[in-house]
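The values are calculated or read from the model by the stated rules, or taken from the named source; none is laboratory data. In this text the structure is predicted, and so the values were computed from the model without any measurement. So basically every Cβ, Gly included, is an ideal-geometry build from the backbone, and we count neighbours across all protein chains shown. Note: areas computed on protein heavy atoms with side chains; ligands, DNA, RNA excluded. Shrake-Rupley method; radii C 1.70, N 1.55, O 1.52, S 1.80 Å.
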Amino acid sequence: METRLIEAPASGEVRDYKMLVGGDWVDALSGKTFESINPYTGRAWATAPEADEKDVDRAVNAARAAFDEGPWGKMTGTERARLMRRLADLLAENAEELATVESTDNGKLLREMGGQLGALPEWYYYFAGAADKIQGETIPSDKPNFFVYTRREPIGVVGAIVPWNSPLLLLTFKLAPALAAGCTIVVKPAEQTPASVLEFAKLFEEAGFPPGVVNVVTGYGEETGRPLVRHPGVDKVAFTGSTETGISVMKDAADHLARVSLELGGKSPNIVFDDADLEATNNGVVSGIFAATGQTCIAGSRLFVHERAHDELVERLSEKARTIKLGNPLEAETEMGPVAFKEQLDKVQSYIEVGRQEGAELVCGGKRPGTEDLKNGYFIEPTIFAGVNNDMRVAREEIFGPVLSVIPFESEEDLIRQANDTSYGLAAGIWTRDIQKAHRVAHALRAGTVWINAYRTLSFNTPFGGYKMSGIGRENGLEALKDYTQVKSVWVELSGQTRDPFQLG
Ligand code: NAD
């Protein structure tokens, strides 16, 4: 029988959320709350507690107690896996409602969120499968009287901070390996989108997790996120967000030497050679920059096109961009929803102005749509700039919106130099029918993920993360477990004899 714990929001409803600390649903100690705005209507649809340092302290202490004293710390990997599989089942049973909550909160298409939420249980199944395989090694000791082995132990309390663009997906990238490893967690969702994480948190008790294993505090970056990073009880910070905030997180974590993994921004090159299948390429480029209204860290925002394919591809792309259907993210035929919040819309618009002033050629878009049905939402047209060079700000800075910069190139060497000439290194796409060239270029690119004749695909079993200023550490795949565990070496003396105490043995 299906367990429905989550309800999709009804039109006009305003929900008042509490946060989860030590197994209890609580308000902020100050009693303060903040609003979450639906970006399609521009109206508040939920409120959440505005946590500060004291609330964070309470949550970290609950996570610490669950780790040090509760039943969780004594569970075997097999037992943890059982709870994780139950969580995955509950997630699958409530995926549709959760997708609607997330779309209402951040304006992403329900058709994208539905797919995303539908796939999320796989992360928990995959890492549940790994939970009883987190093992150490027996070291062949160089000293005959010693037996030496290692244990791979959970790192402890994890502070997980996520942004607004895909809250549950990005949280799951952290939570699934953290739970498999035996850590406890305090989550802070973004202030723009607290709701889906709070709804998801309802599933933990039902799945049978002991109180305090997963805690959620909601609030702003400076008042809630920062105290979480700085808290001495946090052993590791798993952060996804902008590069600028990531740098501050790393500095704050350094004060108490908390481990960090950082998934940060990108300015990913999508590269088209003149032998590419232009129809497939066109589709891939659109998915890279206009899907999710361009609000993804892996957006293929710099389009490098060989000069022989340039004019034809730009023509096809702008034809496609002009017909993209903007609208209500909850409707099935909508292809592009609004930008998630007002400040983000202002940022995207200011970059379009920057592109114009830098002399880039505006091929299509650039405006807010004028139609009546879209006037309340934070909409912006799919926008393409041609004639961009790699030194312009629209080619160097992350816009995080549906704005494509097209840069022509002449040769493979010229392309590799320009594609790598960026402070970021999250992802890249290569479109060509030449298999040798495809691999050659994939190896030369300094990016954590490279797609060949594809764009924007991820999986629970494939490591994901950034080179350079796009981040530190890897999420997904067995690689991710390394970030949530630490290694202990155990030396066992076998002979029972005493030795010279003044010699290093
Ligand atoms: P942001 O850095 O402003 O905020 C992200 C989160 O950090 C929010 O929860 C925020 O409240 C919190 N925060 C803000 N200041 C903080 C501080 N001083 N200490 C601790 N926490 C703090 O990011 P954003 O602009 O909301 O999100 C978009 C960014 O996220 C883009 O740069 C995008 O590329 C990046 N992103 C990266 C990935 C990835 O996997 N690499 C995925 C999605 C988004």
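In segment 15-264, taking the dipole from charged Cβ atoms about the Cα centre, the farthest positive-side position among Ser30, Ala46, Ala128 is held by Ala128. Select from segment 111-163 those GluC sites (Glu not before Pro) which occupy a DSSP coil region and have at most 16 other Cβ atoms within 10 Å, ordered by residue number. Here the sparse-neighbourhood loop sites are Glu137. Relative to the dominant Cα principal axis of the chain, helix 307-323 is inclined by about 90°. Overall shape of segment 251-366 was characterised from the C-alpha gyration tensor. The equivalent ellipsoid obtained from it has semi-axes of 29, 20, 16 Å, in decreasing order.
Look at the alpha carbon pairs under 8 Å that are at least 6 residues apart: their mean separation over the length of the chain gives a relative contact order of 18 percent. Amide H to amide H distances under 5 Å link Val363 with Ile384, Phe385, Ala386, where only residues 5 or more positions off or on other chains count and H is placed in the peptide plane. Computed from backbone phi with θ = phi - 60° and the Karplus coefficients 6.51, -1.76 and 1.60, the 3J(HN,Hα) list for segment 386-391 is 9, x, 8, 10, 5, 8 Hz; x is used for glycine and proline.
Order Tyr124, Tyr220, most accessible first, counting only protein heavy atoms with a 1.4 angstrom probe.
Ranked from most to least accessible, the order is Tyr220, Tyr124.
Taking every DSSP beta bridge that has both ends in segment 269-452, the antiparallel portion is near 15%.
Restricting attention to segment 15-264, close to 40% of DSSP beta bridges with both partner residues there are antiparallel. Calculated on the alpha-carbon coordinates, the convex hull of segment 27-155 measures out at 176 cubic angstrom per residue. With a simple spin-label model that places each label point 7 Å from the Cα along the Cα-to-Cβ direction, the separation between Gln486 and Ala444 comes to 4.2 nm. For the pair Leu374 and Asn461, label points projected 7 Å from Cα toward Cβ lie 4.1 nm apart.
Relative contact order for segment 362-505: 14 percent, from Cα pairs under 8 Å spaced at least 6 residues apart, divided by residue count.
For segment 180-317, the pair-distance distribution built from all alpha carbon pairs, in bins 10 Å wide starting at 0, is 10, 29, 24, 18, 14, 4, 0 percent. For the chain, DSSP calls about 40 percent of its internal beta bridges antiparallel.
Measuring with a 1.4 angstrom probe and ignoring ligands and nucleic acids, Val21 comes out at about 10 Å² accessible. Taking 0.36 nm per residue of separation and subtracting the current Cα-Cα distance, fully stretching the chain between Phe502 and Asp414 would add 25.5 nm. Here's how it looks for Val305: its modeled amide H is under 5 Å from those of Val272, Ile407, Phe409, which are all 5 or more places away or on a different chain. Ranking Arg393, Arg302 by solvent-accessible area of protein heavy atoms (1.4 Å probe, all protein chains present), from largest to smallest, gives Arg393, Arg302. Angle, helix 243-254 long axis vs. longest principal axis of the chain, Cα atoms, 0 to 90°, nearest 10? The helix 243-254 is inclined about 10 degrees to the chain. Sorting the segments 56-68, 408-420 by their residues' average number of neighbouring beta-carbon atoms within 10 angstrom, most packed first, yields 56-68, 408-420.
Taken along its three principal axes, the alpha carbon spread of segment 269-452 comes to 50, 32, 29 Å, from the longest extent down to the shortest. Per the Cα gyration tensor, the chain maps to an equivalent ellipsoid with semi-axes of 41, 30, 19 Å, ordered largest to smallest. Working from Cα pairs under 8 Å separated by at least six residues, relative contact order for segment 15-264 is 26 percent. When Ser30, Ser166 are compared by accessible area at a 1.4 angstrom probe, the order from most to least is Ser30, Ser166. Ligands, DNA and RNA aside, Cys364 has an accessible area near 10 Å² when probed at 1.4 Å. The helix-based estimate of mean residue ellipticity at 222 nm for the chain, built from -39,500 (n - 2.57) per DSSP H run of four or more residues and divided by its residue count, is -11500 deg cm²/dmol to the nearest 500.
Extension gain, Glu479-Glu79: 0.36 nm per intervening residue step, less the Cα-Cα distance, totals 141.8 nm. Ranking Leu345, Gly355, Ala291 by Cα position along the charge dipole of segment 269-452, where only Lys, Arg, Asp and Glu carry charges on their C-beta atoms, puts Leu345 farthest toward the positive end. Element breakdown for the chain at a 1.4 angstrom probe: carbon and sulfur atoms account for 50% of the accessible area.
Estimated at the nearest 10 Å², the accessible area of Leu20 is 10 Å² with a 1.4 Å probe. Each of Asp421 and Lys133 was given a label point 7 Å from its Cα along the Cα-to-Cβ line. The distance between the two points is 4.5 nm.
The long axis of helix 110-131 is offset from the longest Cα principal axis of the chain by roughly 30 degrees.
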